[in-house]
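The values are calculated or read from the model by the stated rules, or taken from the named source; none is laboratory data. These numbers come from a predicted model, not from an experiment. Positions of Cβ are backbone-derived with ideal geometry, glycine not excepted, and every protein chain shown enters the neighbour counts. Note: areas computed on protein heavy atoms with side chains; ligands, DNA, RNA excluded. Shrake-Rupley method; radii C 1.70, N 1.55, O 1.52, S 1.80 Å.
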2 protein chains.
Amino acid sequence: MSGHLAVVGLGPGDARYLTAEAADALAAAQALYGYAPYLDRVPAQAGQSRHPSDNREERARAAAALAHAAQGGRVAVVSGGDPGVFAMAAAVCEEIEGGPQSWRAIELVVVPGITAMLAVAARIGAPLGHDFCALSLSDNLKPWALIERRLDAAAGAGFVIALYNPVSRARPWQLPRAIERLRRHLPASTPVVFGRAVARAGEEVRVATLAAAHEEPADMATLVIVGSRETRVIARSGRPPLVYTPRAAEVSA
Amino acid sequence: MSGHLAVVGLGPGDARYLTAEAADALAAAQALYGYAPYLDRVPAQAGQSRHPSDNREERARAAAALAHAAQGGRVAVVSGGDPGVFAMAAAVCEEIEGGPQSWRAIELVVVPGITAMLAVAARIGAPLGHDFCALSLSDNLKPWALIERRLDAAAGAGFVIALYNPVSRARPWQLPRAIERLRRHLPASTPVVFGRAVARAGEEVRVATLAAAHEEPADMATLVIVGSRETRVIARSGRPPLVYTPRAAEVSA
């Protein structure tokens, strides 16, 4: 009766970026839990129950999936991108730690996926080609002062910075504030990549400078990559520019 | 005659972690370039030429593939993991920037893959569940002083740290030195995950503490994840422990 729970990464959207491992884990599940728009990406299958939930309900969703699996079921929780990066795998672990002992007996499998920063980087060249960090701009679960401290540390030490959750309807000012903060550390000409809905309908990838980045539209479907002092732009006639960070770096970075 | 070059991520190893997009890009190529052990992972195909090269020859490999594509061919460069993370996509961009104008006319496509830190994290829970960075410990292309500065910045600001290229035959002391450096910032009990050959033959995942991490064996096939002050270990009877970083953080981190 110990059950099985798979936390499955769907990748950026298009099924062409799903791994075989993920597709099989979804097909083998008796029950699927997830944020409704992510569940909608999974083909319907006879005999499989579906349990959609709202965006902000990660803990309740994780607990419901664990309770289901603990009864002996084969359950999958779907996650956009990679489940381990600002997504459902940590929420499931939190619930296991705080939940009944029986939840620790469940066979937990995390199936990795292509996380947004990899998909956006691939579309524009190789902006993550050297040391980089991934930082969520959501201050729902951490104070804004900590986010600023991390922006300072990362930019100051020469990391390229991938910004997850840059904007939501309830968080309109965080991205402009972060851009402004990063200008303390980085030249105005630093390349900033905006990737929206990459590998989904309406995909859009734009390159701005740090000085002009506040003029770029961004929403919940956007991932932002802020270059380091080393990041370069290659102009190409008749093709979009390439943005990349060389593999070599100097100590002055 | 502008040609086509795909830089394709193979993921951690097992073909079950390859995306359909990557498999199709490999099948469509007339010529494959890559580090020999990565090329060996790609099924042979009639009429497709293969150009294996050595580990340290990224620039020459990138230039050869670009020259081939510039003659109008359909060429793929294979990369372990994700080509944009310490891999071939940046090397190709470097060669395009420094090469003839005709290389800028090539249609360049980067196909993302599951990079090692995502594969290792998935096997052990969700250690990358909150803000994290990826740092190469190779000082072939950057000075060791810069690596130490980045370790200080990342650990001091509460990022989880994924260490790529922790050890090679020519670089035996860098990982112990990095572990020692991180002890200035993090408690002795901080969890450290060693993932070796994940999703390949001989896979091994171990959890140590920062105090004992120098005793763990590591090699070129190893990826190391050093937790933050927030990273937690969940003991499970009859199952391996889970390591995860909660989604919430305090300003004291």
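Table for the structure above
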read-out: Percent of C-alpha pairs per 10 Å bin, the stretch A:174-244, short to long; value: 19, 51, 27, 3
read-out: A:R206-A:D54 FRET efficiency (beta carbon distance; Förster radius 35 Å; 0.05 resolution); value: 0.70
read-out: Residues with amide H under 5 Å from that of A:T190, placed H, sequence gap 5 or more; value: A:L210, A:A211
read-out: Cα principal axis extents for the stretch B:1-150, largest first, Å; value: 46, 36, 24
read-out: Heavy-atom accessible area, 1.4 Å probe, ligands and nucleic acids excluded: residues of the stretch A:61-94 down by at least 30 Å² from chain alone; value: A:G84, A:V85, A:F86, A:A90, A:C93, A:E94
read-out: Helix-only mean residue ellipticity at 222 nm for chain A, each DSSP H run of n ≥ 4 adding -39500 (n - 2.57), per residue, nearest 500; value: -8000 deg cm²/dmol
read-out: Rg to Rh quotient for the protein assembly as shown, alpha carbon positions, Kirkwood Rh; value: 0.94
read-out: Loop-exposed GluC sites (Glu not before Pro) per DSSP, neighbour cap 16 Cβ within 10 angstrom, longest uninterrupted part of chain B; value: B:58-249
read-out: Accessible surface of chain B, 1.4 Å probe, proportion on carbon and sulfur as whole %; value: 50
read-out: Teacher prompt: A:A20 distances to equivalent labels in other copies, 7 Å Cα→Cβ, nm; value: 1.4
read-out: Accessible solvent surface per residue of the protein assembly as shown, calculated while the other protein chains remain in place, 1.4 angstrom probe, Å²; value: 37
read-out: Exam field: B:P100 pseudo-label spacings to other copies (7 Å along Cα-Cβ), nanometres; value: 7.1
read-out: Mean projected area (nm²) of the alpha-carbon convex hull when the stretch A:132-218 is viewed from all directions; value: 5.7
read-out: Summed residue charge, Cβ within 10 Å of B:R104's Cβ, Lys/Arg positive, Asp/Glu negative; value: +1
read-out: Where trypsin sites (Lys or Arg not before Pro) fall in DSSP loop in the stretch A:159-189, at most 11 other Cβ within 10 Å; value: A:R169, A:R184
read-out: Helix A:88-98 vs. chain A, principal-axis angle (Cα, 0 to 90°, nearest 10); value: 50
read-out: Between B and A, accessible area buried - total, square angstrom, nearest 100, 1.4 angstrom probe; value: 6600
read-out: Inter-copy spacing of A:A248 label points, which lie 7 Å from Cα along Cα→Cβ, given in nm from shortest upward; value: 4.8
read-out: Descending principal axes extents, chain A, alpha-carbon based, whole Å; value: 58, 42, 35
